[in-house]
Amino acid sequence: MAYAVLGALAIGLSLGLLGSGGSILTVPVLVYLVGQPEKLAIAGSLAIVGGIALVGALPRMWRREVDWRSVFWFGLPGMVGTVAGSALSRHVPGAVQLFVFALVMWVAAAMMWRPPPATPAIREPRPRRWIMVDGLAVGVLTGIVGIGGGFLILPALVLLGGLAMHRAVGTSLTIIAINAFSGFAKHASLLAAAGLMLDWRLIGTFTAVGAGGSLVGLRLAGRLPQHRLRRIFSLFLATMGLFIVVQTVPRLWLH
């Protein structure tokens with residue numbers, strides 16, 4: 001359990017230091033350190049990610065660093081997509097979900113390796129219909145594999161939506177919380193129908209430790225070289241993705 005708590009701390013630290021990426025650690029920590037089945041870990045990760053994101057979003061809402069237009073046009077389709085992805089996950093074997101999750105980790109590693117997006121000086125906002133399509137796609141991915149999607153949402157809001165970085169972070173956290181909680185509600189009903197019970201004590205512990213870690217990471221963010229941290233985290237994600245692929249590929253042949 002001590003290793004699991006350290007994993008929860010790493011999740012929060014990553015979110016505080018880098019602004020994204022921490023949620024993608026939650027499922028591997030729950031599966032490989034806690035020993036939960038894939039379906040249970042994915043559902044629990046959505047509750048944990050949503051809780052940590054909400055803790056980070058609330059002070060930014062108070063400081064008016066949330067663009068509610070983007071939350072509406074990106075977040076609401078994302079919520080629909082998350083519920084649809086969660087329903088679809090019922091028909092996807094756990095090993096397949098983990099394999100897809102590993103592929104997502106490699107995409108995240110590639111995005112983390114690149115320098116963070118700079119705020120564009122002048123850029124036309126992305127057409128509303130495409131913002132909705134982006135949100136829907138991220139939501140489906142969130143529902144199927146249990147990630148917050150911050151590493152996809154944040155660049156989309158900055159590069160495609162034309163938001164300044166500080167507003168993009170607050171908006172991203174708000175969207176992550178909406179997507180995660182809507183996906184969790186659907187996953188929880190599916191687990192109840194299958195007779196699986198969520199460990200609320202574990203979820204509460206992970207959320208509290210992760211939220212605390214994110215606040216510590218936020219304080220450290222200005223003192224540490226962000227580019228180097230992102231590169232290190234990128235290599236870690238790529239290695240972890242390879243580990244998951246090696247673990248799951250033999251099981252894929254059984255389905």
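The values are calculated or read from the model by the stated rules, or taken from the named source; none is laboratory data. Worth saying up front: this structure is predicted, and the values here are computed from it rather than measured. Here the Cβ positions follow ideal geometry from the backbone for every residue, glycine too, while neighbour counts run over all protein chains shown.
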Region 244-255, residues that are surrounded by fewer than 18 Cβ atoms within 10 Å (Cβ to Cβ), assigned to a helix (DSSP H, G or I) and touching a residue at least 40 places away in the same chain (Cβ under 8 Å): Val245, Gln247, Val249, Arg251, Leu252
field: Subset of region 150-203 [at pLDDT 85 or above, not in a helix (DSSP H, G or I) and not aliphatic (A, V, I, L, M)]
entry: Asp199
- prompt: Quick check: is even one residue across region 219-231 surrounded by 17 or more Cβ atoms within 10 Å (Cβ to Cβ), closer than 22 Å to Arg114 by Cβ and touching a helix residue (DSSP H, G or I) at 6+ places or on another chain (Cβ under 7 Å)?
  reply: yes
message: Suppose the filter is among the basic types (Lys, Arg) and within 25 Å of Val31 (Cα to Cα); does Arg228 pass it?
response: no
query: Which is modelled with pLDDT of 85 or more, within 23 Å of Leu157 (Cβ to Cβ), surrounded by fewer than 22 Cβ atoms within 10 Å (Cβ to Cβ) and of a type outside the set (S, T, N, Q), of Val96, Val83, Val100?
result: Val83
message: Just the residues that are outside any helix (DSSP H, G or I) and either touching a helix residue (DSSP H, G or I) at 6+ places or on another chain (Cβ under 6 Å) or acidic (Asp, Glu) (or both), please, taken from region 49-82.
response: Glu65, Val66, Asp67
message: For the structure I just gave you, tell me whether Pro115 is assigned to a helix (DSSP H, G or I) and over 18 Å from the mean Cα position of the chain (by Cα).
response: no
message: Quick check on region 1-44: of everything there that is at pLDDT 80 or above and hydroxyl-bearing (Ser, Thr, Tyr), which residue is farthest from Leu220 (Cα to Cα)?
response: Tyr32
field: Hey, Phe233 at pLDDT below 80 and part of a helix (DSSP H, G or I) or not
entry: yes
